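Asker: Structure provided below as structure tokens; questions to follow.
The values are calculated or read from the model by the stated rules, or taken from the named source; none is laboratory data. Bear in mind that the values here come from a model prediction, so they are computed numbers and not experimental data. A quick note on method: Cβ atoms are made from the backbone with ideal geometry, for glycine too, and the neighbour counts reach across all protein chains shown.
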């Protein structure tokens, strides 16, 4: 594993799921890591297991959240890995707040922190990574506004990069896109359960149909590599699957 003793990394949504694995991966590499999440209990559990990790209980969709984070640490890497739970129901069964929840959480946090990275700005050379989803490419008909929200994160990475380049800030904005649900995370297992129920098939059949899905560790390794050596500017979106990393043109 690459060693990053000089790197400072913030992970939003770092208390659970793939965000937690990203925190653990950077901590194992020797980086100074701060995990940010709403749930103090989950952060306490994380801190007990990873005592070197700094934690901050914070609603990252609050307008003041970026300032609260950046006043404590000026990161070399910022990973935006927040995520509302998918609904598991077709859109016609939902009320608007359920449909729009991923926009109010995933997209709003991405908007606030990308905006702050440019307005502040973060230090030259900083890498900002938004964790998107393969649903942004293929859709997700029982996930409310989830697929559209994850697509918007890809757009935001692109918009932010254009503004960084125009202003000469030397920031690198990326969207990292796990292609399939990660069955080694709670959220991934919930997505699989919802789809097997909706489609009327077994869990085993659904998982076979995913082909070669990536793991949470695959995603964390991709994020680690991008913070260590940012990729060239040919693409702002990178798809992670069980077969590796691919730039989306």
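Asker: I'd like the full set of residues that are without any contact (Cβ under 8 Å) to a residue 24 or more places away in the chain and either surrounded by 16 or more Cβ atoms within 10 Å (Cβ to Cβ) or touching a strand residue (DSSP E or B) at 6+ places or on another chain (Cβ under 9 Å) (or both), limited to the stretch 85-135.
Answerer: 135
Asker: Out of the residues in the stretch 197-241 meeting the condition of being exposed (fewer than 12 other Cβ atoms within 10 Å of the Cβ) and within 28 Å of residue 80 (Cα to Cα), tell me which one is modelled with the highest pLDDT.
Answerer: Across the stretch 197-241, the extreme among qualifying residues is 229.
To keep it simple, each residue is scored yes or no on (1) over 18 Å from the mean Cα position of the chain (by Cα); (2) in contact (Cβ under 8 Å) with a residue 24 or more places away in the chain; (3) more than 18 Å from residue 218 (Cα to Cα); (4) part of a helix (DSSP H, G or I).
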residue	(1), (2), (3), (4)
14	no, yes, no, no
21	no, yes, no, yes
35	no, yes, yes, no
48	yes, no, yes, yes
52	yes, yes, yes, no
59	no, no, yes, no
67	yes, yes, yes, yes
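Asker: Now for a different question. Determine, yes or no, whether residue 140 is in contact with a strand residue (DSSP E or B) (Cβ under 7 Å, 6 or more places away or on another chain), assigned to a loop (DSSP other than H, G, I, E, B) and under 20 Å from residue 85 (Cβ atoms).
Answerer: no
Asker: In the stretch 46-69, what residues are in contact with a strand residue (DSSP E or B) (Cβ under 9 Å, 6 or more places away or on another chain) and closer than 17 Å to residue 108 by Cβ?
Answerer: 58, 60, 65, 68, 69, listed by residue number.
Asker: For residues that are surrounded by 23 or more Cβ atoms within 10 Å (Cβ to Cβ) and without any contact (Cβ under 8 Å) to a residue 60 or more places away in the chain, tally how many sit in the stretch 173-189.
Answerer: 1
Asker: Any residue in the stretch 147-155 that is in a helix (DSSP H, G or I), in contact (Cβ under 8 Å) with a residue 24 or more places away in the chain, over 13 Å from the mean Cα position of the chain (by Cα) and over 17 Å from residue 135 (Cβ atoms)?
Answerer: No.
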